[in-house]
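Trainee: If you scroll down you'll find the structure; I have some questions about it.
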Amino acid sequence: MSIDAVLAEINDFLGCETPDSWVAEALKQPEILLIDHANCEKKAATTAMNLLYKHIERDDLLKKMSQLAREELLHFEQVVNIMKERGIRYRHLSSSRYASGLRDAVRKGDATAELVDVLIVGAFIEARSCERFAKLAPFLDDKLEKFYRSLLRSEGRHYQDYLGLAAQYAGQPIDDRVALFRELEQQLIESEDDEFRFHSGVPAQAS
């Protein structure tokens, strides 16, 4: 599938586009953008590893999550190297409310239902990341633009892997769960955030 086709599919999957005000804020805060991007790659690898440890009986999940974890750690290393080249010190940042806001809606008490929801959340996080890389790329310097465009195919594949596994393990249609998380994700993206992060919502001053 071409990059354009992947992006078209992702834009159909998401409930909204990234607001222009977020893009403008990202361009004002390139250091925070890169630091939090590194954090996101590290967290994505951790999520994949956690699924590997928790669901050792699911062969398809083991294969796809091991591949995903390796790719996310490579991306983390690449972002850290770019930061080093630019004299940006990797440091702790507080997390945005985005991922935790999505995970608050994950069902608990039924292992399969919980796994399906976690996988759907993973699909939305990867899809939004891909959409934001595409939004940012045209405004970045040549090296960073090339790097962000290089991430589109892998992030798009990760979204498809998560969503495909969710549908496979649910044993029934997941449209209602996807719709629930789509609405929640849209609320998180379109509502106000005081702090800028890679997955933050509308900058407070722009509201």
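Trainee: Here is a list: ARG107, ARG103. Which entry is in contact (Cβ under 8 Å) with a residue 12 or more places away in the chain and either surrounded by fewer than 23 Cβ atoms within 10 Å (Cβ to Cβ) or closer than 13 Å to ARG182 by Cα (or both)?
Mentor: Residue meeting the stated conditions: ARG103.
Trainee: Further question on the same structure: Do we find that SER21 is at pLDDT below 95 and touching a Ser or Thr at 6+ places or on another chain (Cβ under 9 Å) in this structure?
Mentor: For SER21, the condition - at pLDDT below 95 and touching a Ser or Thr at 6+ places or on another chain (Cβ under 9 Å) - is not met.
Trainee: Just to be sure before I move on: is LYS143 modelled with pLDDT under 95 and assigned to a helix (DSSP H, G or I) in the structure I sent?
Mentor: yes
Trainee: One residue is enough: does the stretch 106-117 have a residue meeting the conditions modelled with pLDDT of 95 or more, farther than 28 Å from ALA167 by Cα, assigned to a helix (DSSP H, G or I) and aliphatic (A, V, I, L, M)?
Mentor: no
Trainee: Here are some residues: SER96, SER129. Which one is in a loop (DSSP other than H, G, I, E, B), hydroxyl-bearing (Ser, Thr, Tyr) and crowded, with 17+ Cβ neighbours inside 10 Å?
Mentor: Exactly one of SER96, SER129 is in a loop (DSSP other than H, G, I, E, B), hydroxyl-bearing (Ser, Thr, Tyr) and crowded, with 17+ Cβ neighbours inside 10 Å, namely SER96.
Trainee: Also, quick follow-up: Please return the ranges of helices (runs of 4 or more DSSP H) entirely within the stretch 1-76 where 2 or more residues are free of Cβ contacts under 8 Å to residues at least 40 places away in the same chain, more than 20 Å from ALA137 (Cα to Cα) and over 17 Å from the mean Cα position of the chain (by Cα).
Mentor: In the stretch 1-76, the matching helices (runs of 4 or more DSSP H) lie at 30-54.
The values are calculated or read from the model by the stated rules, or taken from the named source; none is laboratory data. As the structure is a computational prediction, the values presented were derived from the model and not from experiment. As a convention, Cβ positions derive from the backbone with ideal geometry for all residues, glycine included, and neighbour counts pool all protein chains shown.
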